[in-house]
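Report on the following structure.
Throughout, read-outs are computed from the coordinates displayed, never taken from laboratory work. Given the structure is predicted, the values throughout are model-derived calculations rather than measurements. Don't worry about glycine lacking a Cβ; one is built from the backbone with ideal geometry, like all the others, and counts go over all protein chains shown.
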Amino acid sequence: MPAKRQAKPAASGQAQGRESIGTLRARLRRTEMLIRLSQRVSMIDNLDDLLTTLVELTANETNAERGTLFLNDPASNELYSRAAQGTFNREIRLLNNSGVAGAVFQSGEGLIIHDPYQDKRFNDEIDRKTGFVTKSILCAPIKTARGEVIGVVQTLNKRAGRFTTEDLDLLAAMATQASVALQSSQFIEKMKKTRQQEMEFLDLVADITSSLDLSVLLRRVMSEATRMLKADRSTLFLNNEKTNELWSEVGEGLNAVQIKLPNTAGIAGAVFQAVKTINIPHAYADLRFNPAFDKKTGYFTRSILCVPVVNKHGKCIGVTQALNKRGGPFTAEDEARLKAFTAQVSIALENAKLFDDVQNMKNYNQSMLESMSNGVITLTEDGRIHTCNAAGYRIFKAREADVLGKSAAEFFTGGNTWLVDRLKALEAPGAKPDVMMDAAMEARGEKLSVNLTLQQLISLKGKRVGTLLMIENISSEKRMKSTMARYMDPGLADQLLAAGGDALGGQSVEATMLFSDIRAFTTLTEELGAQGTVALLNEYFTLMVQCITDEGGMLDKFIGDAIMAEFGIPVAHGDDPDRAMRAAIKMITELRALNQRRAARGQKPVLMGVGLNTDKVVSGNIGSPKRMDYTVIGDGVNLASRLESACKEYSAQILCSEGTYRKLKGTYRMREVDKVIVKGKTEPVGVYEVLDYHTEETFPHLPEVVGLFRGALGYYRKGEFDRAIKQFQEALALHPGDRLSATYIERCEYLKAHPQENWDGVWVMKSK
């Protein structure tokens, strides 16, 4: 009996001993595993490889189907993973306070979840995207030796049984063991990334600053700024000191447009004036933001980063603006990078701008020389011809090869040899300009009468560097042209003179016709009297003709108070419809200014309409051998005239045909107003109203009104007159002065009361 009583304690002691040995062995295995883990990760210096290795080890050791390791990104407060087992292995990012991983990160305490779909913290989005079913979760924080949580590691779906606290302890130990390696790899990766960015930045700056072409440089700077900041678009504004405007020719992510704004307006103006960076995470919440551009373009600005561009002298020369960073607002790092970027390119920008100014001046001078009717020839210091403009070649009937590089004695031969002596005399120090009026010269045997000026070319240092010759041909042909140009278009005079006085024959050409007419002119003449009427017409015609000739148009004739002009005759250009359109817009703009001056003088305003049409017409001299009139005829001319008359019916100032509308290359604010059959025609013609001369004051809510009008016109043409009336009324509510919408309401009411058979939306114009 005593022996038996002693057997139980012995057996119990043996069991405890076996348990203790098992525990020790388990701890030994765990220690050995952690040592192997430490050894293995210490040999990996690539963060991606390290993450992949740790995910594999933690999943294997916890007997799980897969694992994921999240590291914290302090810049965005996100947990990110670049390594995940299974088919779903792209980068995952989530807020560090959301989901199971976020809960563990915030608390610093591990979690065991046996039924994730019953846990409110679980986000099943990844399961839905991948088809994977999460059955259980084991999640532990990754802590540094100081206890700082730098991420979380989680394993999913234990292959046998359920996750235990021992599994959680093991996962936490592995995470802690790997934390040093993770931090080290993060640091190395950051250093490599920073170095790479620096090298790329230096290469980029070197590449960009090598360009002296301002437009190319602007495009490169904006493109790289957009890419570097992961922005939606960027704009570089440079300050125009003459106009006090910030301007840009390029908008990254926009079509090529030129933007101009006062250097005191908006966010860009605030940055320019204060020379301080502005970073706005929510644009519409900032009172300095002007949403007008968004409203005009349909773009929605969320975030703005705007930094000043300062030159080496500390002077602000512009601003760089980036909009809508993808993924959130612009950070302090973005500010630093954009500041560094603009600081590096500011010198290049100034150099490019200076080069551009020099080139523009050079081109301006060259264009001026080429456009001059006087011949201009320059000689080098040693007396050789360096340049000759187009007029010079024409006067001497010579080619470039016959002139450039020749000495004065080689070129000025025959009846022009006397000029060599005059040029020699001008080489003396301090020689005065030599001016000769009505001098005799010759060109290939033809006698010329010229006004000639010889002048020294002096450098900034006061040294003679060459000689300038200016030659004005005042022969009979020139004198005749001067007289003829008072009575006809200079281009036409040139053609007549070139034809040797022969009458020009008829020809069929495509041209854009412009007709304008003063409204209620008879009433005006009655009020003004004869002298007042003539004074008004002279003032009015001077302004209108200048608008036409500035765009290369030919004034055909005055018809009472009406003007008839053509674009494309006698000289065709590639953009004659656009020239006619710009001329018409300028005419209305100049008329508005004229009326302001008349109002100040207590005089009534002058109103007019303009009609434009592009078509084939017949041009030529019409009349008798004793009196001819160069003009154009044809249906295209008649349609332009009828469109001018139709301005009254449509309450418009400029109407153009579909023929002109289809030929335009530029962009203008326009709206289709009708499809009509004009008198004498059977086919309908599309008619468009030009609105480009309007301001916000003269036509409030223009884009909205045009949009509503377009929709209402569609209903009108379908015969849905009630819907059309409703939308026309909406347009009128935005702009009560839109008489065209009111006209269509009246027309719709009439058509409702007098239904038309086979209605096709085409209006028959009964007036001429």
task: Place the peptides 425-433, 280-288 in order of packing, highest mean first, counting for every residue the other Cβ atoms within 10 Å and averaging per peptide.
output: 280-288, 425-433
- request: Determine, at each q value in 0.10, 0.13, 0.17, 0.22 (inverse angstroms), the log₁₀ of I(q)/I(0) that the Debye formula gives when each Cα of the range 574-706 is one equal point scatterer.
  value: -0.40, -0.64, -0.98, -1.35
task: Note the full-extension length gain between Arg598 and Glu109 as 0.36 nm times their separation in residues minus their Cα-Cα distance, in nm to one decimal.
output: 167.7 nm
- prompt: Can you give the FRET efficiency for Leu734 and Asn758, using 1/(1 + (r/R0)^6), R0 = 51 Å, r = Cβ-Cβ distance, to the nearest 0.05?
  reply: 0.90
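Calculate, for Glu746 and Arg519, the FRET efficiency according to 1/(1 + (r/R0)^6) with r their C-beta to C-beta distance and R0 25 Å; round to the nearest 0.05. Don't skip to the end; give the middle numbers.
Details: r = 20 Å, r/R0 = 0.81.
Efficiency, rounded to the nearest 0.05: 0.75.
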- request: Treating the Cα atoms of the range 509-665 as identical point scatterers in vacuum, please give the log10 of the normalised Debye intensity I(q)/I(0) at q = 0.09, 0.19, 0.20 Å⁻¹, two decimals.
  value: -0.29, -1.16, -1.25
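By how many nm would the segment from Lys230 to Tyr284 grow when fully extended, if each residue of separation counts as 0.36 nm and the alpha-carbon distance is taken off? Walk me through the intermediate numbers first.
Working: separation 54, 0.36 × 54 = 19.44 nm, distance 2.07 nm.
That works out to 17.4 nm of additional length.
Which order do peptides 229-237, 107-115, 312-320 fall in by mean Cβ count within 10 Å, highest first? Intermediate results must be reported in sequence, preceding the final value.
Numbers: 229-237: 21.7, 107-115: 15.4, 312-320: 17.3.
Highest to lowest by the protection proxy: 229-237, 312-320, 107-115.
What FRET efficiency, computed as 1/(1 + (r/R0)^6) with R0 = 30 Å and r the Cβ-Cβ distance, is obtained for Asn60 and Asp127, rounded to the nearest 0.05? Please list the in-between numbers first.
Details: r = 22 Å, r/R0 = 0.74.
In this case the efficiency is close to 0.85.
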task: Calculate the spin-label point distance for Gln546 paired with Leu528, positioning each point 7 Å from the Cα along the beta-carbon direction, and give it in nanometres.
output: 1.7
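Would you kindly state how much longer the chain becomes between Tyr299 and Ala535 on full extension, computed as 0.36 nm times their sequence separation minus their alpha carbon distance, in nm to one decimal? It would help to have the intermediate numbers written out before the result.
Working: separation 236, 0.36 × 236 = 84.96 nm, distance 4.96 nm.
Extra length available between Tyr299 and Ala535 comes to 80.0 nm.
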- prompt: Taking square-rooted eigenvalues a ≥ b ≥ c of the alpha carbon gyration tensor, is the range 694-768 rounded, prolate or oblate, where a/c under 1.5 means rounded and, failing that, a/b exceeding b/c means prolate?
  reply: prolate
